Amino acid sequence: MNGAQREFLKVAGLAGKKTLRGTVRTSGAKNAALKALPAALLFSDEVLLTNVPRIEDVSRMVELLRSCLVEVEDVDEASVRVKVGGSCSTVLRRDIAERMRSSVVLTGPMLARFGSVSLPHPGGCVIGERPIDLFLEGFLAMGAHINESDGLYELSAKGGLRGADIFFPIVSVIATETLMMAAVLAKGTTVLRNAAMEPEILHLANFLNACGASIRGAGTTTITIKGGELLTARGRTYRVMPDRIEAGSFLILGALTADELSITDCEPEHLQSLVHLLLRSGVPIEQGQHSLHLRGNGARRNDSFKAFSVRTHEYPGFATDLQAPVTVFLTQVTGESKVFESIFEGRLNYTADLVGMGADITMGNPHQVRIKGPTRLRGAELHGPDLRAGLAYVIAALVAEGPSIINNVYYIDRGYERLDERLRSLGADVVRESVSTSRP
Ligand code: EPU
């Protein structure tokens, strides 16, 4: 017998009532932790990471590092210690790497430190094509050799990588981070142009600089790195920054379903594009230095909020990772809006399920939808295609009339820590259940 379990969430809809109330703490950022763990390969000593979110993608990255013989020790619930021991395997295990896009981040520090790495084409959420040409072109410019056969890439740089002047034809977050890390150990100077400016990149660069790296311009479109030497942490701790996407998702969820909500331990500065739009729409948001509050929101009906159009963009523009939750918001407010997804070509497909729940959404092309609101949503059985759409389904299910079942909880667990438990603490009726899928 195979004892596999399929987990799902049962969500009781609030039928448009705003009864949730309480405080939710923001977790450490998935997309910062997933880069900080591989960054430990740039160090000659051990690195302690704190505020690490306990989510599936982090577990996969830890599994991948351990499979390469990197020592990763759990210190407590939110802290891990990472150390590169005497030997290290540079073969990224196919079964792990194929499940997660960010496995490709490991190639930068690994190739730079050990002179070789082999990997399959990385997998991840089904939101678009997600090629790795920018990484490969960058490594070639830095002197690496690449062989590809049967979907396996073998990269080598026997004498080490050397600095290069690299222009990204497309702005890419993880290509920027991966090549920035590779450049820390490359000989000479690397310049990355048209680089991504996400706050997680600056956060990583600041830590690496504190430990001996020379990275200038992180957080702007041109990053200059002088490389060559392994870094030393000497007891410094990398505290993972708050997850701006999680905080933003809770803000949207709260705007539609909460009477009063406080989101603590977040950085409102990183969420200005969302906060600005929601304020304009009429959502009563108060911003603290490290917190966001919805007060008196219960007295504002969702159909009193005004529609707005949004186009996803690299930071500081509107984050593609908040596009699905904000689309649910727009189905509940008054007016017509357009959502333009400029980064991933498959990231609006989930809207078909919202239409099935009663939303009035028309897809013009794979990058654009038009929404007319407000519409009543009915509970449904849903299968989340990726983690952000999965969260959007939870918001839609909470807003809807009647119960919903959300399958593929694994996707939600990839990026949100104990979501069901945290929603219950706000008064939501969300239960995790499982059924056995075992067959004789
Ligand atoms: N692209 C290429 N070639 C490449 C790399 C990227 O053409 O070699 C294209 C992609 O196809 C896409 C665009 O460049 O059209 C931007 O993709 P990017 O590389 O920036 O995305 P990513 O780095 O793979 C990260 C986050 C995503 C987030 C995007 C955009 C991580 C681990 N992932 O992905 O997060 O949506 O940046 O901000 O940091 C999520 O958390 O749900 C998630 C998908």
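The values are calculated or read from the model by the stated rules, or taken from the named source; none is laboratory data. Owing to the predicted nature of the structure, the values given are computational and were not obtained by experimental measurement. Positions of Cβ are generated from backbone atoms using ideal geometry, with glycine treated the same way; all protein chains shown enter the neighbour counts. All accessible areas refer to the heavy atoms of the entire protein, side chains included, with ligands and DNA or RNA removed. Shrake-Rupley method; radii C 1.70, N 1.55, O 1.52, S 1.80 Å.
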Just to check I understand the Karplus step: with θ = phi - 60° and J = 6.51 cos²θ - 1.76 cosθ + 1.60, what whole-Hz values come out for segment 81-95, glycine and proline as x? 10, 10, 8, 8, x, x, 10, 8, 8, 10, 9, 7, 4, 4, 4
Residue-span extension gain [L152 to V435] - 0.36 nm each, minus C-alpha spacing: 98.3 nm
Taking H placed 1.01 Å from N in the peptide plane, check which residues at least 5 places from T19 or on another chain put their amide H under 5 Å from its amide H. D259
Distance histogram for segment 1-92 (every C-alpha pair counted, 5 angstrom bins, percent rounded to whole numbers): 2, 11, 18, 17, 12, 11, 10, 8, 5, 3, 2, 0
In Å², what does the accessible area per residue of segment 241-314 work out to with a 1.4 Å probe? 38 Å²
What are the extents of the Cα atoms of segment 77-203 along their three principal axes, in Å, largest first? 38, 36, 34
Please pull out the direction-averaged projected area of segment 400-440, using the convex hull of its alpha-carbon atoms, in nm² to one decimal place. 4.0 nm²
Using only the alpha-carbon atoms, what does segment 357-440 span along each of its principal axes? Please give whole angstrom values in decreasing order. 44, 33, 24
Sorted by chain and then number, the residues having a modelled amide H within less than 5 Å of the amide H of D360, at least 5 places away or on another chain, are K372
Net lengthening on full extension, S59/R236 (0.36 nm per residue, minus Cα-Cα): 61.4 nm
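Could you state the accessible area per residue of segment 401-440 in Å², with a 1.4 Å probe and every protein chain left in place?
Working: 1940 Å² over 40 residues.
Each residue of segment 401-440 exposes 49 Å² on average to a 1.4 Å probe.
Report D for the chain in µm² per second (integer): Stokes-Einstein, Kirkwood Rh on Cα pairs, 10 °C, 1.306 mPa s.
Details: Rh = 22.5 Å.
Calculated translational D: 71 µm²/s.
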Cα pair distances of segment 71-112 binned at 10 Å [whole percent]: 22, 45, 32, 0
FRET efficiency for A12 and D45 from the Cβ-Cβ distance with R0 = 60 Å, rounded to 0.05, comes out at 0.75
Fraction of alpha-carbon pairs in segment 150-297 farther than 19 Å apart, rounded to whole percent, equals 62 percent
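With a 1.4 Å probe and all protein chains left in place, how much accessible area per residue does segment 332-384 have, in Å²? Walk me through the numbers before you get to the answer.
On the way: 2450 Å² over 53 residues.
Per residue, segment 332-384 has 46 Å² of solvent-accessible surface.
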Could you please state how large a percent of the accessible area of the chain is carbon and sulfur, counting protein chains only and using a 1.4 Å probe? 49 percent
Here the alpha-carbon Rg of segment 248-293 over 2.2 N^0.38 Å rounds to 1.00
Calculate the dipole size of the chain relative to its Cα centre from +1 charges on Lys and Arg beta carbons and -1 charges on Asp and Glu beta carbons; express the result in debye to the nearest 20. 520 debye
So what are segment 304-345's ellipsoid semi-axes, whole angstrom, largest first, if each one is the square root of 5 times an eigenvalue of the alpha-carbon gyration tensor? 19, 9, 9
How long is the gain from L279 to R301 if the chain were fully straight, where each residue apart is worth 0.36 nm and the alpha carbon distance is subtracted? 6.5 nm
For the chain, how many pairs of lysine residues have a Cα-Cα distance under 14 Å, where the two are 8 or more positions apart or belong to different chains? 5
